[in-house]
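> This is the structure I have questions about; it appears just below.
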Amino acid sequence: MVRRRLQAVAEGKSQTLGIDLNDAGVDTALIVRQLTARHQPDGRTQQRLAAAFQRSGDWNKVVDSLAAGDAVRRSRSARMAGALDMHLAVPWLSSLLLAHEPVVRHAAAKALGKIGGTRSAEALLRAIQRRGPTPTLIVELARAAPDLFLETALCVPQRTGVKGAVAVAAGLRRRRAAVTPLLALLGSGTRRERAISCRALAWIGAGTAIPAIAVALGDSDWMVRMSAVKALAALKCDGYMPELDALLVDRNIRVRKAAQNALRRLRKEMAPRLMEWLWL
């Protein structure tokens, strides 16, 4: 019944919701998210649903429930706020990132990632600064961040561990604008930041970063060397085969294993080109 009513509103056939948001047996937020993902990409479905929620007063109920004592209600309301793209709920969602219950923090982070924008990205970055980086916070930061937000965050002083998280998010975004700050981090960051920068540059597909990544093959830290090896393999760079060969006898077993896998991968990719050259 709830799905039919929401679908009728989403399709413009009805303007009345007539649903109970407190019904524990129905995941209304999931239905709304499914409907908005399946219908028009221009956002009309979401606009119709949001307008219906406002007319019925359920919009205010969603916001009020973000401060409920029950963790299940707060998490459900957070998911609903994200599904309806409720920008006005960002301050409440931001506070939920520090909730004691993991389910509430997770729902709030996902909602902020869905809503996006500078305020959402700032809230997620603050949560990383206060609670430390988690996969959910990093992924949703990458999703929420507007253009140049992550690049700017990489260029200003941050607490220990934060720049590494931002570098991962920048790699996930795959924006070329992040290449320069990531190269700077590769050159002067902590061991963890240097290692992450190598991988992030590879995710972006930054061919211009290959020389700097190759230099990292000789880094004093094994984690950075291993990341540089994996990055060169991901970038399909066969111009540093001797350097990779040298790492087959590296003092760290994980670096040796990474070099072995990288050489195998690169030689496999080189084989068709070599055969083509031989037939010329």
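> Identify all residues within the range 88-133 that are of a type in the set (Ser, Thr, Tyr) and surrounded by fewer than 20 Cβ atoms within 10 Å (Cβ to Cβ); write none if there are none. It would help to see each step written out before you state the result.
Step one: filter the range 88-133 for residues of a type in the set (Ser, Thr, Tyr), giving 94-95, 118, 120.
Of everything in the range 88-133, those that are of a type in the set (Ser, Thr, Tyr) and surrounded by fewer than 20 Cβ atoms within 10 Å (Cβ to Cβ) turn out to be SER94, SER95, THR118.
> All but one of (1) surrounded by fewer than 17 Cβ atoms within 10 Å (Cβ to Cβ); (2) modelled with pLDDT under 95 hold for ARG251; which doesn't?
Going through (1) surrounded by fewer than 17 Cβ atoms within 10 Å (Cβ to Cβ); (2) modelled with pLDDT under 95 one by one, ARG251 breaks only (2).
> Additional query: LYS236 fails exactly one of the following numbered conditions: (1) at pLDDT 95 or above; (2) in contact with an Asp or Glu (Cβ under 7 Å, 6 or more places away or on another chain); (3) not in a helix (DSSP H, G or I). What is the number of that condition?
Among (1) at pLDDT 95 or above; (2) in contact with an Asp or Glu (Cβ under 7 Å, 6 or more places away or on another chain); (3) not in a helix (DSSP H, G or I), LYS236 violates only (1).
> For the range 62-114, name all the residues that are of a type in the set (A, V, I, L, M, F, W, C) and either without any contact (Cβ under 8 Å) to a residue 24 or more places away in the chain or in contact with a Pro (Cβ under 7 Å, 6 or more places away or on another chain) (or both).
Going through the range 62-114, the residues of a type in the set (A, V, I, L, M, F, W, C) turn out to be 62-63, 66-68, 71-72, 78, 80-81, 83-84, 86, 88-90, 92-93, 96-99, 103-104, 107-109, 111-112.
Scanning the range 62-114 gives a single hit, ALA68.
> Here's another thing I want to ask about it. Taking VAL62, is it closer than 23 Å to LEU98 by Cβ, assigned by TED's automatic domain parsing to the domain that holds ARG105, part of a helix (DSSP H, G or I) and at pLDDT below 85? Don't jump to the end; show me each part of the working.
Details: closer than 23 Å to LEU98 by Cβ: yes; assigned by TED's automatic domain parsing to the domain that holds ARG105: yes; part of a helix (DSSP H, G or I): yes; at pLDDT below 85: yes.
When the stated conditions are applied, VAL62 passes them.
> Quick one: is ALA51 modelled with pLDDT of 75 or more, among the hydrophobic types (A, V, I, L, M, F, W, C) and either within 21 Å of ARG105 (Cα to Cα) or in the same structural domain as LEU97 (by TED's automatic domain parsing) (or both)? Before the answer, list the steps.
Working: modelled with pLDDT of 75 or more: yes; among the hydrophobic types (A, V, I, L, M, F, W, C): yes; either within 21 Å of ARG105 (Cα to Cα) or in the same structural domain as LEU97 (by TED's automatic domain parsing) (or both): yes.
Criteria met by ALA51.
Each row is one residue, and each column tells you yes or no for (1) touching a helix residue (DSSP H, G or I) at 6+ places or on another chain (Cβ under 8 Å); (2) β-branched (Val, Ile, Thr); (3) modelled with pLDDT of 95 or more.
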| site | (1), (2), (3) |
| --- | --- |
| GLU140 | yes, no, yes |
| ALA144 | yes, no, yes |
| LEU154 | yes, no, yes |
| PRO157 | no, no, no |
| GLY161 | yes, no, no |
| VAL166 | yes, yes, yes |
| LEU172 | yes, no, yes |
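The values are calculated or read from the model by the stated rules, or taken from the named source; none is laboratory data. Quantities reported herein were computed from a predicted structural model and do not represent experimental measurements. FYI the Cβ positions are ideal-geometry reconstructions off the backbone, even for glycines, and counts take in every protein chain you see.
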